[in-house]
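The values are calculated or read from the model by the stated rules, or taken from the named source; none is laboratory data. This is a predicted model, so every value here is computed, not measured. Cβ: placed from backbone, ideal geometry, glycine included. Neighbour counts: every protein chain shown. SASA here: full protein model, heavy atoms, side chains in, ligands and nucleic acids out. Shrake-Rupley method; radii C 1.70, N 1.55, O 1.52, S 1.80 Å.
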Amino acid sequence: MVGSEPNVVLIHCHDLGRRIGCYDRDVDTPALESLADDGAVFENHFVTAPQCSPSRSSIHTGEFPHVNGLMGLAHGRWEIDDRFATLPAALAEREYETYLFGLQHAATDPQSLGFEHVFPGGARTSPVSPTDHAVNRARDVARAFRSFLDNDPPTEPFFASLGFFEAHRVRLDDRYGFDDDNYEMADPAGVEALPYLPDRERIRRDLAEMEGMIEAIDEAVDAVLDALDAADLADDTLVVFTTEHGIAFPRAKGCCYDPGIEAALLLRYPGEIDGGERYDELVSNVDLFPTILEMADGTVLDEVSGQSFLPLFTDQEHYQRELVFAEMTWHDRYNPIRAVRTERYKYIRSFWHLPDVYMTDDILMSEAGRAVREEFQSNPRPYAELYDLEADPYERDNLAEDDQYRHVRDELERRLVAWMRRTEDPLLSGPIPPADYDEIVPW
């Protein structure tokens, strides 16, 4: 595998978490289940931030958001520091042709990410856009990729980033939902309820709408895989499917509980990655950058925070992670949190006085958000949270003040602070202003 220069197709979507069939969710996703059968599934893949742009920045750089600078949404004036190489730029240095189809949401200017070819290349009538990410519906992005392979197939190894808008909420009159007439809504009575939320009609309706978007994601993945087959590229292509954080529901997106930082991760590379394998090692999306580069040309990166998990597919020794870290700083408002997770425990540290459960605006104004808003927003959030994930997988029983777990809290707090110091987290020096602070307060 090392040095074999596979093509790389990175398929990524919004707000999906692990709500697909191959993660034992009761959702019909045959194409993704087929991809899982032909490749590898990572059972314990977590992201560095439960929000879009910062999490995506980790895929692009192999660094945590507070390290690479993207501590808020890209359209909120936050940017990746230009001293960091991005994934497309790094692959271009390795003589890959690099292409962007659809959504990216890691930069206001997609050219700054280092893509050599950005579709639609100025065609104003195109249904996909590198900057207006809401137009990048999965089926349209898949068609654009198929057209590219049919009409202008690359002759060099290529990297293609395919970004889908789904399953992001959309504005619907007085609420944010998923049903905007482009998707078929499931039966609310038949959807699988969320175990970390009360089973209420308004939440079920939101989940039923979301399943229509998930169906579109699955159909687009099927179309992309068919396009690779038709171009006779399937055997020479590493396909990566992932998302940037958990689903857009309370206690998920915007929170460092597992439903907020869990993410699907599937990899297929015929002949190199054994089909049907499921890995339960802790993996972070900060690890994708060094893994893809090592698979591309054998380069082992020691200077980034991420670590390659390529050895899992080979006979090399893999140094398994003991910890994954997650963070949030800015989104719709200031929400500074840092978290560390082991296989069994989770420690979350809040640095601001906020309601018990933070909800991004799209969740706050959703049916699901309205169903729990009063109970989730009426009490202050504790500054320290500790959970035994083995006994309490839905993180309901905060053990931070339990003397029996004092040694666990002290150890995880020590590890969290050591990580913040090692990575020079600016939060250690006090509150972090918004990216446009100098324009708001010009002195």
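Close amide H partners of Arg137, meaning residues 5 or more places away or on another chain with modelled amide H under 5 Å apart, are Phe165. Residues considered: His60, His75, His331. Largest GNM mean-square fluctuation over the chain, using C-alpha springs under 10 Å, is found at His75. Compared with the direct C-alpha span, the chain from Glu390 to Arg202 gains 64.7 nm at full extension, assuming 0.36 nm per residue. Only Lys, Arg, Asp and Glu carry charge here, each on its Cβ (+1 for the first two, -1 for the last two); on that basis segment 320-443 has a dipole of about 380 debye about its Cα centre. Roughly what % antiparallel, to the nearest 5, for the DSSP beta bridges in the chain? Counting only bridges with both partners in the chain, antiparallel ones make up about 50 percent. What's the center-to-center distance, using Cα atoms, between segment 20-71 and segment 238-309 in Å? First find each Cα centre; the distance between them is then 6 Å. If the segment from Glu93 to Tyr334 were pulled out straight at 0.36 nm per residue, it would be longer than the present Cα-Cα gap by 83.1 nm.
Computed over the Cα atoms of segment 267-356, the ratio of the radius of gyration to the Kirkwood radius (Rg/Rh) comes to 1.07. In plain terms, the chain from Glu374 to Asn151 could stretch by 74.9 nm, reckoned as 0.36 nm per residue minus the Cα-Cα distance. Accessible surface of Leu100, taken over heavy atoms with a 1.4 Å probe and every protein chain present, rounds to 0 Å². For the chain, the solvent-accessible area of protein heavy atoms averages 40 Å² per residue (probe radius 1.4 Å; ligands and nucleic acids excluded). Evaluated with a Cβ-only charge set (Lys, Arg +1; Asp, Glu -1), the chain carries a dipole of roughly 1540 debye about its Cα centre, given to the nearest 20. Using the Cβ-Cβ distance between Asp302 and Glu343 with R0 = 35 Å, the FRET efficiency computed as 1/(1 + (r/R0)^6) comes to roughly 0.90. For the residues Glu272, Glu97, Glu395, a GNM of the chain with alpha-carbon springs under 10 Å puts the largest fluctuation on Glu272. Would you work out if segment 299-443 is rounded, prolate or oblate? Take a ≥ b ≥ c from the square roots of the eigenvalues of the alpha-carbon gyration tensor; rounded if a/c is under 1.5, else prolate when a/b is larger than b/c, oblate otherwise. Note, shape of segment 299-443 comes out oblate. Taking the charge dipole of the chain about its Cα centre, with +1 at Lys and Arg Cβ atoms and -1 at Asp and Glu Cβ atoms, the residue from Tyr358, Ala339, Asn379 reaching farthest to the positive side is Asn379. Since only Pro88, His245, Thr29 are under comparison, the one whose Cα sits farthest along the positive direction of the charge dipole of the chain, derived from C-beta charges on Lys, Arg, Asp and Glu, is His245.
Packing here is the average count of other Cβ atoms within 10 Å per residue, and on that basis the peptides 410-419, 78-87, highest first, run 78-87, 410-419.
On the chain, 43 percent of the accessible area sits on carbon and sulfur atoms, based on a 1.4 Å probe.
Placing +1 on each Lys and Arg Cβ and -1 on each Asp and Glu Cβ, with no other charges, gives segment 189-251 a dipole about its Cα centre of roughly 720 debye.
Largest accessible area first, the residues Ser305, Ser378, Ser129 order themselves as Ser378, Ser305, Ser129 under a 1.4 Å probe with ligands, DNA and RNA left out. Helices in the chain, meaning DSSP H runs of at least 4 residues, each add -39500 (n - 2.57). Divided by all residues, the mean residue ellipticity at 222 nm is -8500 deg cm²/dmol. Take 177-187, 12-22 and order them by the average number of nearby Cβ atoms within 10 Å per residue, most first; the result is 12-22, 177-187. In sequence order, segment 201-206 has phi-based couplings of 4, 5, 5, 4, 5, 4 Hz under the Karplus curve 6.51 cos²θ - 1.76 cosθ + 1.60, θ = phi - 60°, and Gly or Pro positions carry x. Dimensions of segment 8-97 based on its C-alpha atoms, expressed as ranges along the principal axes with the largest first, amount to 42, 32, 21 Å.
For segment 14-56, the convex hull spanned by the alpha carbon atoms encloses 86 Å³ per residue.
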